[in-house]
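Please read the structure below before turning to the comments.
The values are calculated or read from the model by the stated rules, or taken from the named source; none is laboratory data. Every value quoted in this text rests on a predicted model; they were computed, and no experiment measured them. Note that each Cβ is placed from the backbone with ideal geometry, even for glycine, and that neighbours are counted across all protein chains shown.
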There are 2 protein chains.
Amino acid sequence: MTPKSKSSSHSAARDLFPGALEIMVLQTLHWQPMHGYALVQHIQQRSRDLLQVEEGSLYPALQRMLKAGLVEAEWKISPTNRRVRTYSITPKGAKHLELEVSRFEQMLEGISLVLAPAKG
Amino acid sequence: MTPKSKSSSHSAARDLFPGALEIMVLQTLHWQPMHGYALVQHIQQRSRDLLQVEEGSLYPALQRMLKAGLVEAEWKISPTNRRVRTYSITPKGAKHLELEVSRFEQMLEGISLVLAPAKG
DNA sequence: CCATATACCTATTTAGTCTAGGCGTGTTGA
DNA sequence: TCAACACGCCTAGACTAAATAGGTATATGG
């Protein structure tokens, strides 16, 4: 996942936050099943272009989650008449999501404590 | 950096947030120069045990930052009569910190937008 | 004198992301 | 008609940060 660079279009933006991708994907699928390409666009749009998920990151992540039983996939024909692989979250994935969100929040809490100016 | 596991003491906690370590170190050094071992304890204490920085992560990170000119180091004798390598932030490091914090915040903003429930 | 805490460090492994492609198909418009 | 483009799937390899699992040395306390 990269923060989308606003000025230059081609320069490689450094990455941050491995692990967050999985959470965002699981949370999104928790709301509604979706195919990969749609996930890319969904995340970009909902983040108001702050984030851009590379397909080269997303698909391997989906494979990992499939293998781990966190999501399941089904080939369908989309309304736009294309073969799409639609992913949905499994009960195991939902449980995992809860855990990861909680870990995520604790981590953020910890970081913000460290970054907060010391109180006299 | 690992979230400190509260129940089991030995199991490996998964990592999150590569990149955050650098920010926390630079911000801490921005407040006051400090040696490595002290940074480990500082971060753990200020995060109220939510985070635990492994020395095997910290020292390589400090080396990277040294090499990149973000911090500089000096050998001293501590009040406890030990040879310590005290790190301080450079002007370049301070500039870098600002950038990284801003990137960090944008990333968080993006993630929270994606994770926030859709509005009807 | 020995255990422990302090303090530094590195080599190797692990894991996720990015880069940089490739492939096939439906739609659009010149 | 047919070429370009958007859609939609995917992978191999490079890169990088972090964790693991060590090692070394010295001061202090019991």
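Among the residues of the stretch B:95-118, the one identified as buried (at least 16 other Cβ atoms within 10 Å of the Cβ) and of a type in the set (Gly, Ala, Ser) is B:110.
Identify all residues within the stretch A:2-21 that are modelled with pLDDT under 95, within 9 Å of DNA strand C (Cβ to nearest atom) and within 17 Å of residue B:110 (Cβ to Cβ); write none if there are none. Please lay out each step first, then the result.
Step one: of the stretch A:2-21, the residues modelled with pLDDT under 95 are A:2-20.
Filter once more, so that each one left must be within 9 Å of DNA strand C (Cβ to nearest atom): A:2-3, A:10-20.
Within the stretch A:2-21, A:2, A:3, A:13, A:14, A:15, A:16, A:17, A:18, A:19, A:20 meet the criteria.
Considering (1) free of Cβ contacts under 8 Å to residues at least 24 places away in the same chain; (2) within 13 Å of the chain's Cα centre (by Cα), say which one residue A:82 fails and leave the rest. It is condition (2) that residue A:82 fails. Taking the stretch B:61-88 as the range and being within 14 Å of chain A (Cβ to nearest Cβ) and more than 12 Å from DNA strand C (Cβ to nearest atom) as the test, only B:68 passes. Restricting attention to the stretch A:27-63, the residues that are part of a helix (DSSP H, G or I) and closer than 27 Å to residue B:103 by Cα add up to 22. If only residues of the stretch A:87-107 that are more than 24 Å from residue B:109 (Cβ to Cβ) and among the polar types (S, T, N, Q) are counted, the one that is nearest to the chain's Cα centre (by Cα) is A:88. Annotation: residue A:76 fulfils all but one of (1) more than 12 Å from DNA strand D (Cβ to nearest atom); (2) of a type in the set (Lys, Arg); (3) outside any helix (DSSP H, G or I); the unmet one is (1). When each of A:103, A:46 is tested for being within 30 Å of residue B:42 (Cα to Cα) and of a type in the set (Lys, Arg), the lone residue that passes is A:103.
Residue B:92 meets the conditions (1) within 18 Å of residue B:18 (Cα to Cα); (2) touching a Gly at 6+ places or on another chain (Cβ under 9 Å) in every case but one. The failed one is (1).
Mind checking whether some residue in the stretch A:91-113 is assigned to a loop (DSSP other than H, G, I, E, B), within 16 Å of DNA strand D (Cβ to nearest atom) and in contact with a strand residue (DSSP E or B) (Cβ under 7 Å, 6 or more places away or on another chain)? Scanning the stretch A:91-113, I find no residue that is assigned to a loop (DSSP other than H, G, I, E, B), within 16 Å of DNA strand D (Cβ to nearest atom) and in contact with a strand residue (DSSP E or B) (Cβ under 7 Å, 6 or more places away or on another chain), so the answer is no. Report whether or not residue A:82 is surrounded by fewer than 17 Cβ atoms within 10 Å (Cβ to Cβ), out of contact with any Leu (no Cβ under 7 Å at 6 or more places or on another chain) and over 16 Å from residue A:29 (Cα atoms). Judged against the criteria, residue A:82 is a match. Pull up the stretch B:22-54, narrow it to residues that are near DNA strand D (Cβ under 10 Å from one of its atoms) and at pLDDT below 95, then point me to the one that is surrounded by the fewest Cβ atoms within 10 Å (Cβ to Cβ). Residue satisfying both the conditions and the ranking: B:54.
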